[in-house]
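Below you'll find the structure, written out as C-alpha cells, and then a few comments.
Here, each number is a calculation from the coordinates, and none is a lab measurement. This is a predicted model, so every value here is computed, not measured. Please note: Cβ atoms are built from the backbone with ideal geometry, for glycine as well, and neighbour counts cover all protein chains shown.
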Amino acid sequence: MALQRRWQQCVPAAIIHATGSATLNNENFDAPIFIEDGPYIDLLPGVYPYLYNERGHCRQLRQAFGTEISIAKDNPDLELGTKYKGISHQPKTIPNDGHPYQITEFNFKVAEVHYEAITATRESVQAFGMTLLKSGECLRFEYDGMIMAQYTYGKWAGHQSPYIGGRRRRELLTHNPTDLEFHDFPHIFFSQDDLPLVISVARWRPYVQEISLADLWVAPGDAIVLPPKTRPAPPKGQLSEEQARRIIIDLHGNRNSALACWGSDKAALTTTTVLGNAHTMETRAPNYHEEQHPSKHPYPGSRLAG
C-alpha cells in the first residue's frame, strides 16, 4: 500500500480517480507541422528584371538597387562537408498510387548519415554551386515561369518522405532520411524568420563514387541563390582520376529548413522561396534522390538537432 501511495504521488492529480487508482487521460501529442503552403505571386522578369533582398524578403525591381552582385561561377575544385566514398546509386521506381515516377536511390554504405553544419557564407555556399544574396543586395534574375511563394516548415518536416505513396505522405517517420534534388530552373531561399534557415546540400562526384554532405545555416536576412542545374553529359573516352573528380552534380533539399527550431520553443518557421510554377515543374521536372538510412544534423558547434 505504501508503494501504491508513492506511485500515486508521481501521477498528476487530474488522472487519479476518487477510488485512489490511476488511469490515463485521453490526451494526444501536439500535431506536428510538416510543410504548409502560403500565398504566392508570379515573377514578371520582363517588367522587373531584378530581385532585391530586403532583410530576407524578396522585392521585384525595374532597375538595380543597393549592391548588385552576380551569380558565382561553378568551381568543381571546392569541397566542404562530410565526405562519403565508395557510394553507389541505382534507379528506383516510386509507385505513387498508380502514377509512377523514377528517382535515384543512393547507398552511402553507412548505418547513419552525418551532415556537417556550416554557416552560409559566400565561400561555403559556392562549394555547393550557390550564391549568397545578403540584405541590401540585388541581382539580375531573368527567368521565365517562376513564382515567389511563402512556406511554413515545421521542425518535423525532415521526418516525412514523399516516396512512400500518397496514402502515407503525412506519416511521421521515426528517422530523418536523405531527400535531395536538382533541376533545370533556379531557386532562391530567403531566411526571414528570427532563426536561421537550414538548407541541406550535397556535392556529388558520380564518376569517382563520392559525395559531400552539409547543412547550410542561412542567417536571418540572408538568402541563397541556386542557378539551374542539369546532369552533365557522360564523358567520352577514358578519364584521368582528376578529370573524373571534376564532374559534379550539386544537390539540395529544404525539408530541414526548420532545424534551428529544435533549439528553441518554436515549432516552425516561415520562409519565402523562388521556384518554378506548375508548368515549369512539369516540363523541367526535378531529379529526386533518396538515401533511406537515418541522418544526423548537428548544430554549428556540434550539438545534435533532429
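The calculated P(r) of the range 199-306, using every Cα pair and 5 Å bins from 0, goes 2, 8, 16, 19, 17, 16, 11, 6, 3, 1, 0, 0 in percent. Normalised by 2.2 N^0.38 Å, with N the number of residues, the alpha-carbon radius of gyration of the range 137-214 equals 1.38. Classify the range 43-89 from the C-alpha gyration tensor, please: rounded if a/c falls under 1.5, else prolate or oblate depending on whether a/b exceeds b/c. Because a/c hits 1.5 or more and a/b exceeds b/c, the range 43-89 counts as prolate. Distance between the C-alpha centres of the range 208-275 and the range 146-183: 16 Å, rounded to the whole angstrom.
Check cross-link reach from Lys83 to the aspartates and glutamates: straight Cα distance under 12 Å, and skip same-chain residues fewer than eight apart. Output for Lys83: Glu116, Glu210.
Once P(r) over Cα pairs in 10 Å bins from 0, in percent is calculated for the structure shown, the corresponding label among (1) 6, 26, 28, 19, 13, 7, 1, 0; (2) 6, 25, 34, 25, 9, 1, 0; (3) 6, 24, 32, 21, 8, 5, 3, 1, 0 turns out to be (3). Considering only Arg140, Arg205, Arg62, the Gaussian network model of the chain with Cα springs below 10 Å gives its largest mean-square fluctuation to Arg62.
How large is Rg/Rh for the range 148-265, to two decimals, with Cα atoms and a Kirkwood Rh? Please list the in-between numbers first.
On the way: Rg = 16.7 Å, Rh = 16.2 Å.
That ratio equals 1.03.
Plugging the Kirkwood radius over Cα pairs into Stokes-Einstein for the range 153-193, at a temperature of 25 °C and a viscosity of 0.890 mPa s, what D comes out in µm²/s? Write out the running numbers ahead of the final one.
Details: Rh = 12.4 Å.
Taking Rh from Cα pairs, D becomes 198 µm²/s.
Loop-located trypsin sites (Lys or Arg not before Pro) in the range 161-240 (DSSP state other than H, G, I, E, B) with a sparse environment of at most 13 neighbouring Cβ atoms within 10 Å: Arg170, Lys236. Under a Gaussian network description of the chain, with springs only between Cα atoms under 10 Å, the residue in Lys266, Lys83, Lys155 that fluctuates furthest is Lys266.
Would you work out the Kirkwood radius for the range 56-121? I mean one over the mean of 1/r across all pairs of different Cα atoms, in Å. Walk me through the intermediate numbers first.
Values: mean 1/r = 0.0578 Å⁻¹.
Roughly 17.3 Å, rounded to one decimal.
Grab the alpha carbons of the range 87-181, take their convex hull, and tell me the volume per residue in Å³.
Numbers: hull volume 17.9 nm³, N = 95.
Once divided by residue count, the hull of the range 87-181 is 189 Å³.
Provide, for q = 0.25 Å⁻¹, the log10 of I(q)/I(0) from a solvent-free Debye sum over equal Cα point scatterers in the range 222-279. So the normalised log intensities are -1.15. Note on the chain: antiparallel DSSP beta bridges, both residues inside, total approximately 85 percent of the bridges counted.
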